[in-house]
Amino acid sequence: MTDGLRKGLASYGDAGFSLFLRKAFIKAMGYSDDALNRPIVGITNTYSDYNPCHGNVPQIIEAVKRGVMLTGAMPMVFPTISIAESFSHPTSMYLRNLMAMDTEEMIRAQPMDAIVVIGGCDKTLPAQIMAALSADLPTVVIPVGPMVVGHHKGEVLGACTDCRRLWGKYRAGEIDDVEIEAVNGRLAPSVGTCMVMGTASTMACITEALGLSLPMSATIPAPHAERFRSAEASGKVAAALAKAKGPRPSEFLTAASFRNAQVVLQAIGGSTNGLIHLTAMANRTRHRVDLAAFDKLSREVPVLIDLKPSGDHYMEHFHHAGGLPKLMAQLGDLIDLDCKTVTGQTLRDVVADAEDVPGQDAIRTRSNPIKPEGAMAVLHGNLAPRGAVIKHSAASPKLLQHTGRAVVFESVEDMTERVDDPALDVNADDVLVLRNAGPKGAPGMPEAGYLPIPKKLGRAGVKDMVRISDARMSGTAFGTIVLHITPESAVGGPLALVKNGDMIKLDVANRSIDLLVDAAELEKRRAARPPYVTPDWAKRGYAHLFNETILQADEGCDFDFMRGQGKD
Ligand code: FES
């Protein structure tokens, strides 16, 4: 098998000439033959002026290159798409699969013996891992790391749980224009990813649990020196993989690795987005995430991490308490410690090295959990035949069993226009329903599932209501919120049939969500629906590809032709 610069030659009909030409051009960069004859470690560069979460990527890249060269291999950095959560129209999720395709194809197209992917902002790590699992080249993942916390009036602030909480206070008139501006400058005090247990932190933890990144790499704060030492160490590991030609992800990731990732997802009080991404990642391999098995885990695995939005602390506190190795140690027999990691260690080795930090209270024991059950439950019922998800660890206990009158919003735009209308017929016991906000409907399944409490109710002191939708929700949000209702309304799911005033019953203990309308009436409503017409936005380009091939939430919202086995 060819390696290094000889891999994947551009086709000119003469392999010798192709290599000659490649070398002639790359020498324009000043490389020597010694450098060009080394195994190559590709390094993705997702730095972008639009992506503050990745602001430390240039420094991470320098550290990785140092590690690669100290180990005798040749680093080569190349750009890929970068996705920043708040700079991605219409949603970052809409672009995740594009980034996965871009990254996969650039890994395949360019000569490299191992790859280091550096990401962090919500959809980037999933996209990069989906790509790496499909390309199946020896891979080390480096999360960029969380921001450090902010402070305001003696209070610790974190993006973006406190963004939402304080914006809610502003909407309710509890803080004024001057104070909300001050808060705006203090919520994100450094580069790095959101420092609560949002999607970015969730995916970094899942990555470390899978063994695709180095121990502690999920939690080291983005600006810390340790972050760059970890990057240098990651470069060394990648160079060793490049020289040894493995192991590839397919050679050490097992069904147990993916189960461990699900256990960690529950135990950290992780983002609901994590379930979609992990499903998509597994579907790039021969392994699967089964929703029933995931829900069973939710009854067995306690939440042990005391982080916002389920708890009180932030990622840097989790890190200083011992990070993921300590969490996995506390989870004990819920984790399969025989699983291998990219360093060649087993998780047993990783856990054995976990630091014991006296007095820390960010990582709880199983006998003193934050919540006795896991973060998320999977619901089914006539409203969600293929499932829905609720992060009950961040919900109001009194609303987990609730029947209320539906107040329906047709779309995100409709909701935005009407939710604060003083004339809206709504009270605190109602169930807010948002539809046409799924993978295909919005498009890109926006994080609109955290419907705002109508202003008039917010001002009257209502802090939470049952809210249901086919949308997603930011991992940093909280509330009694049912998400990912599948099938989504835009493809004819039952959510499309709900009318204002219908009664909806949520019963999390029994894992059900039902529309209390008889089947004959629902059938009548279904028959009266107009046929699906391709919307104008989906007539060309990537939007067309997206609309034609996007899968539902229970299948990870990948494109149907990108799964491991290709198109059915
Ligand atoms: Fe980038 Fe939260 S906005 S991780």
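The values are calculated or read from the model by the stated rules, or taken from the named source; none is laboratory data. Not measured: the values here are computed from a predicted model. Quick reminder, even Gly has a Cβ in these numbers, built from the backbone with ideal geometry, and neighbours come from all protein chains shown. Please note that ligands, DNA and RNA were not included when accessible areas were found on the heavy atoms of the full protein model with its side chains. Shrake-Rupley method; radii C 1.70, N 1.55, O 1.52, S 1.80 Å.
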| Number of positions in region 82-99 that are in contact (Cβ under 8 Å) with a residue 24 or more places away in the chain and part of a helix (DSSP H, G or I) | 10
| message | So in region 151-174, with the set limited to residues that are open to solvent by less than 20 Å² (accessible area, probe 1.4 Å) and of a type in the set (A, V, I, L, M, F, W, C), which one is farthest from the ligand (Cβ to nearest atom)? | response | L166
| field | Index of the failed condition, A354 passing every other in (1) assigned to a loop (DSSP other than H, G, I, E, B); (2) surrounded by fewer than 19 Cβ atoms within 10 Å (Cβ to Cβ) | value | (2)
| query | Can A63 be described as touching a strand residue (DSSP E or B) at 6+ places or on another chain (Cβ under 7 Å) and either crowded, with 19+ Cβ neighbours inside 10 Å or basic (K, R) (or both)? | reply | no
| field | Those strands (runs of 3 or more DSSP E) lying entirely in region 444-555 with at least 2 residues away from the ligand (no atom under 16 Å from the Cβ) and open to solvent by 10 Å² or more (accessible area, probe 1.4 Å) | value | 503-507, 512-515
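Looking at I61, is it outside any loop (DSSP other than H, G, I, E, B) and either within 16 Å of the ligand (Cβ to nearest atom) or among the hydrophobic types (A, V, I, L, M, F, W, C) (or both)?
On the way: outside any loop (DSSP other than H, G, I, E, B): yes; either within 16 Å of the ligand (Cβ to nearest atom) or among the hydrophobic types (A, V, I, L, M, F, W, C) (or both): yes.
The answer is yes for I61.
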| message | For region 183-267, give me every one of the helices (runs of 4 or more DSSP H) that falls completely inside it and has 1 or more residues that are within 15 Å of the chain's Cα centre (by Cα), away from the ligand (no atom under 14 Å from the Cβ) and of a type in the set (G, A, S). | response | 199-210, 255-267
| query | Which condition breaks for V148 when tested against (1) more than 11 Å from the ligand (Cβ to nearest atom); (2) on the phi > 0 side of the Ramachandran plot; (3) not polar (S, T, N, Q)? | reply | (2)
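Does Y47 satisfy the criteria of being away from the ligand (no atom under 16 Å from the Cβ), assigned to a loop (DSSP other than H, G, I, E, B) and within 39 Å of the chain's Cα centre (by Cα)? If you could, list the steps in order and put the result at the bottom.
Working: away from the ligand (no atom under 16 Å from the Cβ): no; assigned to a loop (DSSP other than H, G, I, E, B): yes; within 39 Å of the chain's Cα centre (by Cα): yes.
For Y47, the condition - away from the ligand (no atom under 16 Å from the Cβ), assigned to a loop (DSSP other than H, G, I, E, B) and within 39 Å of the chain's Cα centre (by Cα) - is not met.
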| Got at least one residue in region 127-143 being farther than 21 Å from S250 by Cα and either within 16 Å of the ligand (Cβ to nearest atom) or buried (at least 19 other Cβ atoms within 10 Å of the Cβ) (or both)? | no
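Tell me whether region 100-116 contains one or more residues that are within 16 Å of the ligand (Cβ to nearest atom) and either touching a residue at least 24 places away in the same chain (Cβ under 8 Å) or buried (at least 23 other Cβ atoms within 10 Å of the Cβ) (or both). Before the answer, list the steps.
So the first thing to find is which residues in region 100-116 are within 16 Å of the ligand (Cβ to nearest atom), and the list is none.
Among the residues of region 100-116, not one is within 16 Å of the ligand (Cβ to nearest atom) and either touching a residue at least 24 places away in the same chain (Cβ under 8 Å) or buried (at least 23 other Cβ atoms within 10 Å of the Cβ) (or both), which makes the answer no.
Tally the residues that are part of a loop (DSSP other than H, G, I, E, B) and either surrounded by fewer than 21 Cβ atoms within 10 Å (Cβ to Cβ) or at pLDDT below 95 (or both), restricting the search to region 315-340. Break it down stepwise before answering.
Step one: list which residues in region 315-340 are part of a loop (DSSP other than H, G, I, E, B), which gives 321-322, 335-339.
Remaining after also requiring either surrounded by fewer than 21 Cβ atoms within 10 Å (Cβ to Cβ) or at pLDDT below 95 (or both): 336-338.
Residues flagged as part of a loop (DSSP other than H, G, I, E, B) and either surrounded by fewer than 21 Cβ atoms within 10 Å (Cβ to Cβ) or at pLDDT below 95 (or both) within region 315-340 amount to 3.
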| Any idea which of (1) within 22 Å of the chain's Cα centre (by Cα); (2) at pLDDT 95 or above; (3) not small (G, A, S) is the one T91 doesn't satisfy? | (2)
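Name every residue in region 148-167 that is assigned to a helix (DSSP H, G or I) and in contact with a helix residue (DSSP H, G or I) (Cβ under 7 Å, 6 or more places away or on another chain), in order of residue number. Don't jump to the end; show me each part of the working.
Initially, region 148-167 is screened for residues assigned to a helix (DSSP H, G or I), giving 161-167.
Within region 148-167, L166 is the sole residue that qualifies.
Any idea how many residues of region 24-58 are out of contact with any Phe, Trp or Tyr (no Cβ under 6 Å at 6 or more places or on another chain) and open to solvent by 50 Å² or more (accessible area, probe 1.4 Å)? Give the steps one after another, and end with the answer.
In the first step, residues of region 24-58 are kept if they are out of contact with any Phe, Trp or Tyr (no Cβ under 6 Å at 6 or more places or on another chain); the result is 24-49, 51-53, 55-56.
Subset that is open to solvent by 50 Å² or more (accessible area, probe 1.4 Å): 24-25, 27-34, 37-38, 47, 49, 52.
Number satisfying all stated conditions: 15.
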